[in-house]
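We did not get these values from a lab; they are worked out from the coordinates using the rules stated. What you see is a predicted model; the values in this text were computed from it and never measured. Because the Cβ atoms are built from the backbone with ideal geometry, glycine has one as well, and the counts that use them run over all protein chains shown.
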Amino acid sequence: MKRVLVATFVVVSLLAFARPKPHSFSASGGHGWIRYWGTGKVVVSGEGTLTIRNISRMNMKMDGTWGEKQWVTDGGVYKHFKGKVTLAGLGIHVEIRGWNLSVKGEGFGKAHCQGEGTYQLEDEAPVQWKPHPFWVKVKFRR
């Protein structure tokens with residue numbers, strides 16, 4: 001009986017401290033709006049308006065051009081952005097609104113998509129975004 005209790009305690013302890021595997025999320029579209037919140041790593045590219053928040057809690061690498069930058073609380077809005085940005089860390093909040101959009105993330109979080117395009121979780125089949133004015137809401141967690 002004592003061995004059964006010890007074995008049960010070990011199994012429960014391992015399950016309590018086991019970390020789930022990160023999910024992968026990708027979305028792309030000809031035009032629209034993608035909002036991404038999460039923890040992990042995300043690569044965002046496209047043309048249009050890029051908004052990044054919570055910069056103090058992440059690493060950022062930006063390749064591209066932009067016309068005007070507005071500072072917002074712990075972040076920035078890049079108007080006329082054209083390029084790619086890679087973000088890694090906790091509490092990522094990034095939005096891109098425009099054309100030729102692409103978001104590829106790995107970790108845990110959620111995304112909202114609007115416009116024309118598709119999104120995909122892990123190895124599942126791609127899913128078409130709904131037309132305006134509806135948002136497609138996706139959570140990628142276990």
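Which shape class applies to the stretch 31-142: rounded if a/c is under 1.5, otherwise prolate when a/b exceeds b/c and oblate if not, where a ≥ b ≥ c are the square roots of the Cα gyration tensor eigenvalues?
Since a/c reaches 1.5 but b/c is at least a/b, the shape of the stretch 31-142 is classed as oblate.
Sequence-distant or interchain residues sharing an amide H contact under 5 Å with Lys84, placed H: which?
Asp63, Gly64
Run the quick spin-label model on Glu106 and Thr86: label points 7 Å from Cα toward the beta carbon, then report their separation in nm to one decimal.
Calculated label separation equals 1.1 nm.
What does a probe at Lys69 reach in the stretch 84-109, counting residues whose amide N is under 17 Å from the point 7 Å along Cα→Cβ?
Inside the label zone: 84-88, 94-95.
Cross-link partners among aspartates and glutamates for Lys69, C-alpha distance below 18 Å, same-chain residues fewer than 8 apart left out?
Candidates past the 8-residue exclusion: Glu47, Glu95.
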